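**Student:** Got a structure for you, written out below as structure tokens; questions coming shortly.
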Amino acid sequence: MRLYLLTATLFFFKATTSIAQSNATVSGHVTDATTHDPLPYATVVLNTETAGRMVSGTLTDETGRFTFEGIEKGNYRIEISFIGYVTNSLPLLVGEKNYIFDLGKIRLEPESTQLDEVVIEAKRAVVASGLDKKSFDLEDIIAQGGSSVLDAMKALPGISIDQEGKVELRGSDKVAILIDGKQSSLTGFGNQKGLANIPAANIERIEIINNPSAKYDASGMAGIINIVYKKENRTGWNGDIGLRLAMGQFSKRKSDLTTDLGSYSLNPKVIPSVNLNYRSSRVHAFLQGEALRQKRLPNNEFNTRLYDDGRLIASQVPENRKQTQFIIKGGMDWALNEHNTLSISGIFDRERHIDTAQVAYVDLLADQRNRYWHWREEEITGYMNYRAEYRHAFDGPGHELKFSAQYTRGWEDEEYRLNDSSAVRQSFDTTHLIAIEHTTTFLADYVKPLRSGRLEGGAKVQIRRIPVTYTIGQGSQSVIYPGLGDWSRWGEDIYAGYLNYVWEKKRFDVEAGLRLEKTDVFYNLSPENIYYNQNDAYDYFKLYPNIRLSFKINDRNSLSAFFNRRVDRPGEPELRIFAKYDDPELLKVGNPYLRPQFTRTLELAYKNVWESGSAFFSVYRRDIESPFTRVYDIDKTDNNYDIVNRIYQNVGSASNTGVELLFSQNLAAFWKFNGSFNWYVNAIDAYTGTLLFPTVRPFSIPQSEDNTWNLKLNTLLTLPRKTQLQASFIYEAPKNIPQGRQFARSSLDVGIKKSIFKDKGELTISATDLLNRYGLKQEVSNDGFEVVYENFYETQIVTVGMNYKF
């Protein structure tokens with residue numbers, strides 16, 4: 001990255017890191033101190049502590065209970081009075097952590113008896129750059145918000161995108177992705193998927209939780225990203241419609257190797273959407289629909305291989321895609337009565353694409369093409385997700401018990417037609433893979449607000465099954481590995497329970513939790529498989545603790561310390577034994593004997609807030625036991641072609657030690673600036689292991705340790721005529737990876753948003769990666785070869801969108 005570009009960006013850009021405010025709710029139960037009977041219709045008044053100004057007032061109900069809602073951060077005094085009783089006055093501090101509190105029983109004395117003071121701390125806001133959770137409003141992410149959720153995420157602190165389109169959080173792609181706080185078929189169960197296909201227009205905000213509590217699943221060592229859909233609170237019928245038109249891949253970072261097709265460019269996209277809502281006093285129903293039709297270049301892989309004997313081979317795999325997708329999301333909340341609510345919801349997601357590639361293999365020293373690989377893939381994927389939830393609300397606000405059940409059926413139907421033309425063979429092969437997923441989940445969650453905190457507990461059972469059938473049609477001298485069999489069966493059962501406790505005082509607060517999980521896994525192979533001589537099955541029971549300690553120095557400064565232990569389980573795609581033949585000389589394949597990786601994380605964080613901005617600084621350490629990643633190694637069994645296998649493998653241990661800084665500043669009433677900086681040392685221990693596919697052979701990972709960093713700068717200008725202009729700059733420094741190194745990359749994004757139709761409509765224009773510098777480049781080496789891997793996939797996208805509310 002050139003220094004002048006960074007300097008210029010520093011003055012230009014501001015990201016809108018939103019503040020998701022959540023005011024406090026305080027309740028209590030007024031009783032007679034002598035008889036313990038409730039006191040109905042007692043007067044309860046909330047005053048500011050210093051000026052004595054009345055903020056709100058209420059009467060207790062027939063049971064002696066009262067509730068205040070929407071209380072902002074500050075110091076207050078509550079006065080409780082009733083004829084024949086001594087008026088009681090209690091101080092109230094609305095603090096930093098909890099947002100729902102139950103004061104319990106407050107007794108009024110018939111005689112002149114003074115009660116002890118009660119100090120309550122409640123949480124007013126979840127600040128976007130907070131110590132425990134960061135929340136980002138997508139309405140304020142204009143430069144990337146016109147595209148997919150994946151595009152919007154790359155502008156967020158600590159997040160980057162890897163070569164397979166997965167989100168990395170602080171350098172790891174082991175991230176749990178939730179939809180509205182729950183696992184969903186849209187984003188996968190334990191493994192990321194589909195983020196590039198979810199339009200950002202219907203998303204309200206994205207939350208990043210680096211140190212999740214025990215109430216969350218233990219999966220996702222890097223943390224949790226929660227995608228929150230928009231919800232309409234207006235009563236009656238209402239909704240909105242939207243349309244986005246886009247064009248992608250305006251320029252090519254690297255010239256295509258000579259083929260008839262090459263790689264797609266100037267790729268059109270059409271993305272309509274509609275939201276319908278109905279809300280009454282007892283019923284809330286919603287229906288959201290999104291469609292996507294586009295040409296796209298999700299991968300454009302250039303590989304240059306240098307072998308020890310001096311051969312230099314170049315290839316390009318352009319994944320030219322034509323895609324259609326529909327997502328329908330709907331549901332209803334029905335308040336059966338004051339205390340009981342039934343919710344049902346569902347998601348239907350169907351995607352079909354046709355990928356085409358003409359792959360040239362060129363001997364660079366001889367300057368001639370020695371192989372031509374032409375393939376066409378047709379794939380249909382989809383999910384149906386059904387969920388039912390029953391919620392019982394007890395008398396106190398926030399005191400509730402929830403039961404839910406969810407069933408997901410997913411499908412993947414993938415067919416490849418492979419044409420090979422070389423001096424060795426002129427032939428045709430086919431592969432056809434069908435995978436059907438069944439996931440059933442049962443959950444129970446309990447929350448009890450306390451006088452100085454809350455208690456949470458629950459249990460979960462999740463049962464997953466994915467049977468796969470695999471059919472091949474082999475031509476003469478086929479390159480498809482024989483002896484794989486034609487089926488596999490994978491299953492995973494998780495039984496979990498958790499307890500989480502939050503305790504708060506004026507200066508200190510503690511959150512401590514423990515999650516217990518028992519996991520049973522099996523992977524059954526066809527008896528015809530000649531590479532793995534037995535099925536795999538194992539189980540394990542683990543405890544996953546979490547601790548957060550916070551100290552409030554004063555109203556503007558606070559410290560927190562975190563510890564948690566988490567797990568990442570390999571899913572069926574990482575275990576799958578059937579190889580992908582989009583590049584037969586750089587072959588991707590799974591490993592059915594893969595094992596989970598475990599992580600311990602320690603973090604110390606500091607927050608400082610002033611009137612016009614804020615700063616957040618953290619130091620973290622993450623130790624990873626038995627991480628799994630792709631390993632490059634030569635397949636020496638084929639005498640005709642040079643094949644490098646990319647196989648998933650557990651590789652010993654690794655660690656990340658780093659610092660993260662988030663800052664925001666209002667430079668003027670119309671100009672806001674925001675940025676983040678993340679620096680960490682990535683240490684990978686040396687490891688020697690054994691690969692079983694396609695032959696038994698050793699492999700090695702050299703020890704490496706290197707520091708890397710990324711910087712994100714954003715600016716937002718509020719212009720006349722209800723117009724906003726945003727620009728952002730992203731830079732990711734070089735870093736070490738297993739067996740090699742990844743080069744630096746950067747992106748410059750801009751966007752403009754204008755309110756139209758008397759604030760009922762919104763017009764947005766955005767452009768991502770204007771300079772076309774966000775592609776990936778890596779160098780990987782092992783015994784006998786070196787590979788330069790470049791993936792210049794579609795990152796340049798210009799989007800024009802309009803949304804209208806009714």
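**Student:** It is to be established whether one or more residues within region 648-658 are outside any strand (DSSP E or B) and assigned by TED's automatic domain parsing to the domain that holds Ala686.
**Tutor:** Scanning region 648-658, I find at least one residue that is outside any strand (DSSP E or B) and assigned by TED's automatic domain parsing to the domain that holds Ala686, so the answer is yes.
**Student:** Hey, Ala444 hits all of (1) modelled with pLDDT of 95 or more; (2) within 30 Å of Pro482 (Cβ to Cβ) but one; which does it fall short on?
**Tutor:** For Ala444, the exception is condition (2).
**Student:** Next up: Being touching a residue at least 24 places away in the same chain (Cβ under 8 Å) and in a strand (DSSP E or B): is that true of Glu603 here?
**Tutor:** yes
**Student:** Residue check: is Asn529 in a strand (DSSP E or B), in the same structural domain as His438 (by TED's automatic domain parsing) and more than 29 Å from the chain's Cα centre (by Cα)?
**Tutor:** no
The rows are residues; the columns are (1) in the same structural domain as Glu574 (by TED's automatic domain parsing); (2) within 30 Å of Phe551 (Cα to Cα); (3) crowded, with 16+ Cβ neighbours inside 10 Å.
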residue	(1), (2), (3)
Gly457	yes, yes, yes
Ile472	yes, no, yes
Tyr495	yes, no, no
Val502	yes, yes, yes
Lys506	yes, yes, no
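**Student:** Considering only residues that are assigned to a strand (DSSP E or B) and either farther than 30 Å from Ile159 by Cβ or modelled with pLDDT under 90 (or both), which ones fall in region 213-240?
**Tutor:** If the condition is that a residue be assigned to a strand (DSSP E or B) and either farther than 30 Å from Ile159 by Cβ or modelled with pLDDT under 90 (or both), then Ser219, Gly223, Ile224, Ile225, Asn226, Ile227, Val228, Tyr229, Gly236, Trp237, Asn238, Gly239 are the ones that fit.
**Student:** Further question: Suppose we keep only residues that are in a strand (DSSP E or B) and in contact (Cβ under 8 Å) with a residue 24 or more places away in the chain within region 668-677. Which one would you say is surrounded by the fewest Cβ atoms within 10 Å (Cβ to Cβ)?
**Tutor:** Trp671
**Student:** Restricting to region 479-525, count the residues that are under 30 Å from Leu586 (Cα atoms) and of a type in the set (A, V, I, L, M).
**Tutor:** Selection size over region 479-525: 5.
**Student:** List pairs: first residue in region 434-460 and under 20 Å from Val510 (Cα atoms) and assigned to a strand (DSSP E or B), second residue polar (S, T, N, Q) and modelled with pLDDT under 95 anywhere in the structure, Cβ distance under 7 angstrom, at least six positions apart or on different chains.
**Tutor:** These pairs meet every condition: Gly453/Asn98; Arg454/Asn98.
**Student:** How many of the residues making up region 221-247 are crowded, with 20+ Cβ neighbours inside 10 Å and within 13 Å of Leu276 (Cβ to Cβ)?
**Tutor:** 2
**Student:** Could you please find all residues in region 320-358 being in a strand (DSSP E or B), of a type outside the set (Ser, Thr, Tyr) and over 25 Å from Lys269 (Cβ atoms)?
**Tutor:** Gly331, Met332, Asp333, Trp334, Ala335, Asn340, Leu342, Ile344, Gly346
**Student:** Considering each of Gly330, Gly346 in turn, give the residue that is touching a Leu at 6+ places or on another chain (Cβ under 6 Å) and in contact (Cβ under 8 Å) with a residue 12 or more places away in the chain.
**Tutor:** Sole residue among the options that is touching a Leu at 6+ places or on another chain (Cβ under 6 Å) and in contact (Cβ under 8 Å) with a residue 12 or more places away in the chain: Gly330.
**Student:** For region 436-449: of the residues being buried (at least 18 other Cβ atoms within 10 Å of the Cβ) and either touching a Cys at 6+ places or on another chain (Cβ under 9 Å) or of a type in the set (A, V, I, L, M) (or both), which is farthest from Thr695 (Cα to Cα)?
**Tutor:** Val447
**Student:** Another question about this same structure. Please verify whether Ala200 is modelled with pLDDT of 80 or more and crowded, with 23+ Cβ neighbours inside 10 Å, treating the condition exactly as stated.
**Tutor:** So Ala200 fails the test.
**Student:** Something else now. Looking at Pro698, Pro694, which one is assigned to a strand (DSSP E or B) and under 30 Å from Arg576 (Cα atoms)?
**Tutor:** Of the residues listed, the single one that is assigned to a strand (DSSP E or B) and under 30 Å from Arg576 (Cα atoms) is Pro698.
**Student:** Starting from residues that are closer than 23 Å to His438 by Cβ and of a type in the set (A, V, I, L, M), keep the ones in region 461-487 and report whichever is farthest from the chain's Cα centre (by Cα).
**Tutor:** Filtering first and then ranking leaves Val468.
**Student:** Next up: Any idea how many residues of region 373-399 are over 30 Å from Arg465 (Cβ atoms) and modelled with pLDDT under 95?
**Tutor:** Result for region 373-399: 7.
**Student:** Sticking with this structure for a sec: When only residues in region 1-31 that are modelled with pLDDT under 75 and part of a strand (DSSP E or B) count, which is surrounded by the fewest Cβ atoms within 10 Å (Cβ to Cβ)?
**Tutor:** Here the answer is Gln21.
**Student:** State yes or no: is Pro702 assigned by TED's automatic domain parsing to the domain that holds Val787, without any contact (Cβ under 8 Å) to a residue 24 or more places away in the chain and either crowded, with 19+ Cβ neighbours inside 10 Å or more than 30 Å from Ser135 (Cα to Cα) (or both)?
**Tutor:** No.
**Student:** Would you say Lys322 is at pLDDT 95 or above and either within 23 Å of Gly751 (Cα to Cα) or outside the structural domain of Ile634 (by TED's automatic domain parsing) (or both)?
**Tutor:** For Lys322, the condition - at pLDDT 95 or above and either within 23 Å of Gly751 (Cα to Cα) or outside the structural domain of Ile634 (by TED's automatic domain parsing) (or both) - is not met.
**Student:** Only one of these conditions is not met by Tyr680: (1) buried (at least 20 other Cβ atoms within 10 Å of the Cβ); (2) within 30 Å of Ser421 (Cβ to Cβ). Which number is it?
**Tutor:** (2)
**Student:** Run down Leu178, Leu243 and say which single residue is over 18 Å from Val567 (Cβ atoms) and either modelled with pLDDT under 80 or not in a loop (DSSP other than H, G, I, E, B) (or both).
**Tutor:** Testing whether each residue is over 18 Å from Val567 (Cβ atoms) and either modelled with pLDDT under 80 or not in a loop (DSSP other than H, G, I, E, B) (or both) leaves just Leu243.
**Student:** Moving on to the next point. What number of residues within region 288-319 are more than 30 Å from Asn275 (Cα to Cα) and either acidic (Asp, Glu) or assigned to a strand (DSSP E or B) (or both)?
**Tutor:** Here the count works out to 19.
**Student:** Criterion first (of a type outside the set (Phe, Trp, Tyr) and touching a Phe, Trp or Tyr at 6+ places or on another chain (Cβ under 9 Å)) does Ser265 satisfy it?
**Tutor:** yes
**Student:** So is Ile354 farther than 30 Å from Val283 by Cβ, touching a Lys or Arg at 6+ places or on another chain (Cβ under 7 Å) and either among the hydrophobic types (A, V, I, L, M, F, W, C) or modelled with pLDDT under 95 (or both) or not?
**Tutor:** In short, yes.
**Student:** State which residue pairs qualify: first residue farther than 30 Å from Tyr407 by Cβ and assigned to a strand (DSSP E or B) and inside region 462-488, second residue modelled with pLDDT of 95 or more and hydroxyl-bearing (Ser, Thr, Tyr) in any location, beta carbons under 7 Å apart, and separation of 6 or more residues or different chains.
**Tutor:** Once the first residue is farther than 30 Å from Tyr407 by Cβ and assigned to a strand (DSSP E or B) and sits in region 462-488, its partners that are modelled with pLDDT of 95 or more and hydroxyl-bearing (Ser, Thr, Tyr) give Ile472/Thr430; Ile472/Thr431; Gly473/Thr430.
The values are calculated or read from the model by the stated rules, or taken from the named source; none is laboratory data. Remember, it's a predicted structure, so these values are computed and weren't measured experimentally. Counting neighbours? That spans all protein chains shown, and the Cβs are built from the backbone with ideal geometry, glycine included.
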